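Chemist: Submitted below is the structure of interest, expressed as structure tokens.
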Amino acid sequence: MWTTAREGKLFYETPDLPFTRTGSFLGVHFSPFLFVLEGFYVLHPAPETLLVIQSVAVALAVFPAYCLGRRILGSRRGGLTVASLFVLNPSIHVLTAQDFHLEAFVPLFILSAFYFWLSKKWKPCLLFVLLSIATIDFAAIVVAFMGLYCTYSFVRHSRTEKTSQLRLSLAIVFGGVVGFLLEIYATGFFGPN
């Protein structure tokens, strides 16, 4: 972030120099979401900025976890149980224990996308699908499998409902696959030696 904000080198970093000709993080993990974070970093260029944003994102993921639990299990107690299990999950804490990790944003975005899909709110669902894909390269694979699950769920349970939910499910699969292929291309553009 520092090199982009202060030196004009696009997300330049030294750990990946053996793997990229440009030294750009985008050559290893294509993440357009970094441009969003860069805006916050420019306002306060310090490592703490990224760590605070990361912690807030992890904390905010509790809300879609609760909403999903409440919707699927049918009670506030179910929502609280799912949210509690999310908060107590050690792999969630590892994300914020040290360093900055783009992966910390994935639970918030994926859980939100899935909640909005279940709630049949298409625009917020697509927004969070796009944010997921833009966060880090492997998230596109998770999005594609989420779309496959949504498609399976629709076909299995909702034969009488409108096909807009099926179209959205298939669009999620398509978006995940296309997003992953674009990320492979972009990583190759910024990265190979």
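The values are calculated or read from the model by the stated rules, or taken from the named source; none is laboratory data. Remember, it's a predicted structure, so these values are computed and weren't measured experimentally. We place every Cβ from the backbone using ideal geometry, glycine too, and count neighbours over all the protein chains shown. Quick note on the areas: whole protein, heavy atoms, side chains included, nothing else; ligands and nucleic acids left out. Shrake-Rupley method; radii C 1.70, N 1.55, O 1.52, S 1.80 Å.
Chemist: Using R₀ = 25 Å, calculate the FRET efficiency as 1/(1 + (r/R₀)^6) where r is the Cβ-Cβ separation of Val36 and Phe189; round to 0.05.
Modeler: Efficiency at R0 = 25 Å is approximately 0.80.
Chemist: Can you show me the helix-derived [θ] at 222 nm for the chain, built from DSSP H runs with n ≥ 4 at -39,500 (n - 2.57) apiece and divided by the number of residues, rounded to the nearest 500.
Modeler: The per-residue figure over the chain is -22000 deg cm²/dmol.
Chemist: Also: So what is the relative contact order of the range 79-139, in percent, for Cα pairs below 8 Å that sit 6 or more residues apart?
Modeler: Relative CO of the range 79-139 lands at 28 percent.
Chemist: How much accessible area per residue does the range 66-193 have, in Å², with a 1.4 Å probe?
Modeler: The answer is 58 Å² per residue.
Chemist: When ranked by the protection proxy of mean other Cβ atoms within 10 Å per residue, highest first, what sequence do the peptides 110-117, 20-27, 181-188 form?
Modeler: Order by mean packing, descending: 110-117, 20-27, 181-188.
Chemist: Sorted by mean Cβ packing within 10 Å, highest first, what order do the peptides 41-47, 165-171 take?
Modeler: Values: 41-47: 12.6, 165-171: 17.9.
Packing proxy ranking, top to bottom: 165-171, 41-47.
Chemist: Report, to the nearest whole %, how much of the accessible area of the range 24-131 belongs to carbon and sulfur atoms, 1.4 Å probe, protein only. Write down the numbers at each step before the final one.
Modeler: On the way: 4150 of 5800 Å².
The computed percentage sits at 72.
Chemist: Can you give the FRET efficiency to the nearest 0.05 for Val178 and Leu43, using r as the Cβ-Cβ distance and R₀ = 22 Å?
Modeler: In this case the efficiency is close to 0.10.
Chemist: Further, regarding this structure: Below 8 Å between Cα atoms, with a sequence gap of 6+, how large is the relative contact order for the chain in percent?
Modeler: 25
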